[in-house]
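Undergrad: Quick one: the structure is below, questions incoming.
The values are calculated or read from the model by the stated rules, or taken from the named source; none is laboratory data. Since we're looking at a predicted model, the values are computed, not measured. Cβ atoms come from the backbone with ideal geometry, glycine included; neighbour counts cover every protein chain shown. Side chains are part of the model used for accessible areas, which takes the heavy atoms of the whole protein and leaves out ligands, DNA and RNA. Shrake-Rupley method; radii C 1.70, N 1.55, O 1.52, S 1.80 Å.
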Amino acid sequence: MKQLFALAGVFVLACGGSGSGGVVRFGAAGPWNQAYGAMNQRGMELAYDQIRARSDYDRHPVEIDWENDEADGQKATAIAGHFVADPSVVAVIGHVNSGTEVAAARVYDAGHLVSMATTATSPALTGISPWVFRVIPSDSVNGLRIAQFAGARLGKRRAAVLYENNAYGRGLADAFRHHF
């Protein structure tokens with residue numbers, strides 16, 4: 001997560017922004033009330049604590065606006081609108097889910113606000129916007145690796161594919177089917 005903040009800082013510098021009053025303000029979005037979202041938040045908090053512990057923190061303070069999207073695309077879109085409308089937010093860490101990041105991507109694109117998805121793996125994110133990034137491989141790669149494992153390593157020639165009917169499940173299942 002520390003790398004996420006560092007990468008976001010590079011984007012901030014490249015865009016010439018530093019937030020209002022010298023404070024660099026990030027948005028953070030995810031389903032904080034769910035276990036996997038809480039794990040993402042704890043990782044971000046750990047990185048944030050390390051940043052605040054730096055000797056130069058007083059000269060370069062950082063703030064985070066934590067928003068819970070509850071893994072809901074409509075809430076994610078509304079949160080993205082909130083971040084885009086706030087000129088002090090220089091970049092967004094999250095969304096955690098593929099579906100929420102895909103839903104929010106058009107808002108970030110229209111508002112020219114950088115969003116870096118932490119664990120959103122849907123292939124639909126690839127090229128969706130020049131303002132939306134991810135720091136994890138796409139399910140097109142994950143599906144390929146699973147298919148290679150099932151076919152080459154296990155010697156299987158047929159497989160049944162069960163998946164959750166959401167952006168994450170469809171992306172991974174499609175990639176597996178394509179490569180198997």
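Undergrad: Determine ³J(HN,Hα), in whole Hz, for all residues of the stretch 162-179 in sequence, where each value follows from phi through the Karplus function 6.51 cos²θ - 1.76 cosθ + 1.60 and θ = phi - 60°; x replaces Gly and Pro.
TA: 10, 8, 7, 7, 9, 4, 5, x, 5, x, 5, 5, 4, 5, 4, 4, 4, 9
Undergrad: Calculate, for Thr126 and Gln74, the FRET efficiency according to 1/(1 + (r/R0)^6) with r their C-beta to C-beta distance and R0 25 Å; round to the nearest 0.05.
TA: My answer for the efficiency is 0.60.
Undergrad: Something else: Do any trypsin sites (Lys or Arg not before Pro) in the stretch 87-159 lie in a loop, going by DSSP, with at most 14 other beta-carbon atoms within 10 Å of their beta carbon, and if so which?
TA: In loop regions of the stretch 87-159 (DSSP not H, G, I, E or B), the sparsely surrounded trypsin sites (Lys or Arg not before Pro) are Lys156, Arg157, Arg158.
Undergrad: For Tyr36 and Arg153, calculate 0.36 nm times their separation in residues minus their Cα-Cα distance, and state this gained length in nm to one decimal.
TA: That works out to 39.1 nm of additional length.
Undergrad: While we're on this one: So how tilted is helix 35-52 from the main axis of the chain? Cα-based, degrees 0 to 90, rounded to 10.
TA: Around 40 degrees separate the two axes.
Undergrad: Please give the length that would be gained between Tyr163 and His82 if that part of the chain were fully extended, namely 0.36 nm times their separation in residues minus their C-alpha to C-alpha distance (nm, one decimal).
TA: Result: 25.9 nm gained on full extension.
Undergrad: Hey, another quick one. Just subtract the alpha-carbon distance of Asp65 and Arg52 from 0.36 nm times their residue separation and send over the number in nm, one decimal.
TA: 3.1 nm
Undergrad: Oh, and also: If each DSSP helix of 4+ residues adds -39,500 (n - 2.57) and the sum is divided by the residues in the chain, what number results at 222 nm, nearest 500 deg cm²/dmol?
TA: Result for the chain, helices only: -14500 deg cm²/dmol.
Undergrad: Going by accessible area, probe 1.4 Å, with all protein chains left in place, what is the ranking of His178, His82, largest first?
TA: I get His178, His82, largest accessible area first.
Undergrad: By how many degrees, 0 to 90 and rounded to 10, does the Cα axis of helix 139-148 deviate from the longest principal axis of the chain?
TA: 30
Undergrad: Another question about this same structure. Rounding to the nearest 10 and keeping the result within 0 to 90°, find how far the Cα-based axis of helix 73-85 lies from the longest principal axis of the chain.
TA: That helix lies at roughly 30 degrees to the long axis.
Undergrad: Can you tell me the dipole magnitude for the stretch 22-180 around its Cα centre, using point charges on the Cβ only (Lys, Arg +1; Asp, Glu -1), in Debye to the nearest 20?
TA: 1000
Undergrad: Return the sequence-ordered ³J(HN,Hα) values of the stretch 108-121 in whole Hz as given by the Karplus equation 6.51 cos²θ - 1.76 cosθ + 1.60 applied to θ = phi - 60°, using x for Gly and Pro.
TA: 5, 4, 5, x, 6, 10, 5, 10, 10, 5, 7, 9, 7, 10
Undergrad: Further question on the same structure: What ranking of Thr121, Thr126, Thr77 comes out by heavy-atom accessible area, probe 1.4 Å, highest first?
TA: Largest to smallest exposure gives the sequence Thr126, Thr77, Thr121.
Undergrad: Determine the relative contact order of the chain: mean sequence separation of Cα pairs under 8 Å and six or more apart, normalised by residue count, in whole percent.
TA: 19
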